[in-house]
1. Taking the alpha-carbon centroid of each part, what is the distance from region 330-361 to region 382-432 in angstrom?
2. For region 246-314, state the semi-axes of the equivalent ellipsoid (square roots of 5 times the eigenvalues of the alpha-carbon gyration tensor), sorted largest first and rounded to whole angstrom.
3. Take every Cα pair under 8 Å in the chain that's 6+ residues apart, average their separations, divide by the length, and report that relative contact order as a whole percent.
4. Kindly work out what percent of the DSSP beta bridges joining two residues of region 158-276 are antiparallel, to the nearest 5.
5. Under 8 Å for C-alpha pairs, at least 6 residues apart: give me the relative contact order for region 330-401, rounded to a whole percent.
6. What lysines does LYS447 reach when the alpha-carbon gap must be under 26 Å and sequence neighbours fewer than 8 apart in one chain are set aside?
7. Using Cα centres only, tell me the gap between region 218-295 and region 116-133 in whole Å.
8. Quick one: pull the percent of accessible area on the chain belonging to carbon and sulfur, 1.4 Å probe, ligands and nucleic acids left out.
Amino acid sequence: MIPLSLAEIAAIVGGQPYDVPDPSVTVTGPVVKDSRDVRQGSLFAAFAGERVDGHDYARRAFDAGAVAVLASRPVGVPAIVVDDVVGALGALARTVVERLGTTVVALTGSAGKTSTKDLIAQLLERKAPTVWTPGSLNNEIGLPLTALSATAETRHLVLEMGAKGIGHIHYLADLTPPRIGLVLNVGSAHIGEFGSREAIAQAKGELVEVLPEDGAAILNADDPLVRAMASRTKARVLLFGEAADADVRGENVRLTDDGRPAFALHTPTGCSDVTLRLYGEHHVSNALAAAAVAHELGMSVTEIAEALSGAGTLSRWRMEVTERPDGVTVVNDAYNANPESMKAALRALAAMGKARRAGGGRTWAVLGQMAELGDASLAEHDAVGRIAVRLNVSKLVAVGGQEASWLQLGAYNEGSWGEESVHVSDAEAAVDLLRSELRPGDVVLVKASRSVGLERVALALLETTEGEVAVR
Ligand SMILES: Nc1ncnc2c1ncn2[C@@H]1O[C@H](COP(=O)(O)OP(=O)(O)OP(=O)(O)O)[C@@H](O)[C@H]1O
Ligand SMILES: [Mg+2]
């Protein structure tokens, strides 16, 4: 953070200093919400959560080096007291970003925000100091905390924005006004909450409405609901995708034998070949989006292609491929799931399996519930089960309750499958089954919505092996 005195912070957030002997003492950062993350010079933001109340940790934070606490009541150590800590944190972020003059790149979409944000970060880092959202901290607390971690050296701030409802992106974008706004896609994630895809598009499109005239709206040419957002912005529009009229375009998209996407990248500065280190063709769209941002910030097509081909996963459990010493490959994509990403992950699994089939290797899809699908839930689970059969996945293990049974039934009804598809009640049962069945050359995909916690299966499978596992 840029150094700010407690007096300045109190003025910015409209707060009241309590137990502050010296208002000129400065906060140098970071701003944290977990007392265990406090370092010398920190500001500790105390939130009253459902289970823990940050205010109870004020003393501990102070003893660990925090200069003061941003709190909603006096806490017995130096504090700036406000009515609304979330709002105060946002106000502080807004002022700091304005003073820094950093270029803000904001992105939203139904799926792929974190993956794309990590790619953008790896591209822009090559050019100038860049700060980006860690993991998926994309809400009204995570966003300002990330923005506040920028320093005077920071040139780019890459921020993931989640849209919880109408008006949410407006709120976030107002805290950290972006010059570049990227919308990835409008899928069916959270459709239960929003009601329709159009309503989701309405919420996500708020991002392009806030862009300035000299800014850039980067839109997915292949997604009609995203493309249509061009009419909602005063900024210049840059399209990415596989469509012929996309400014940043992928051509000749294919999967390599091990399931990595390769394509020819076209930008207005030329063309260059890319082979991603990431797995699954859904990353093509993410990579093109990242390329469009990098192009907008002045990178040449060769620089972009080289950086994309070298970029890895920065956030965990997203198509994380680990080869066990015994030759079993585990693909941990258990971070989250929706119908689109299930299909993409299954296609990647099928591609990875192709190369191994000659050696007797099989493909296993260990899948669980896709949450928040509302009325579409039965049909979507059924469809994923059927796709697994059509892609010739060797074995489907559906894990969990009713939704898992729909997955399994879809697979059963689609093919002549009998014991190729099984339904087990929980992660432990899936692990038991896999431990006894897996053999060298097999590839296992593990994927479900976050709430299922299916990464336990992947982690258990990796624990069983002796020696080092190599993450590719
Ligand atoms: N372009 C895409 N289209 C469809 N699915 C994708 C795409 N990119 C990533 N995914 C899949 O979606 C899941 C979530 O990916 P990621 O974490 O990048 O998305 P996110 O938008 O940040 O999610 P969240 O809303 O949970 O923050 C992963 O399982 C990944 O495989
Ligand atoms: Mg995310």
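The values are calculated or read from the model by the stated rules, or taken from the named source; none is laboratory data. Keep in mind the model is a prediction, meaning the values are calculated, not measured. Calculation scope for accessible area: heavy atoms of the full protein, side chains included, ligands and nucleic acids excluded. Shrake-Rupley method; radii C 1.70, N 1.55, O 1.52, S 1.80 Å.
1. One Cα centre to the other: 14 Å.
2. On the way: eigenvalues 68, 30, 19 Å².
In descending order the semi-axes read 18, 12, 10 Å.
3. On the way: 1132 pairs, mean separation 50.1, N = 472.
Worked out over the chain, it gives 11 percent.
4. In region 158-276, approximately 50 percent of DSSP beta bridges are antiparallel ones.
5. Working: 64 pairs, mean separation 29.0, N = 72.
The normalised contact order for region 330-401 reaches 40 percent.
6. Result set, ordered by chain and number: LYS113, LYS117, LYS164, LYS204, LYS343, LYS354, LYS395.
7. Taking the Cα centre of region 116-133 as reference, the centre of region 218-295 is 17 Å away.
8. 48 percent
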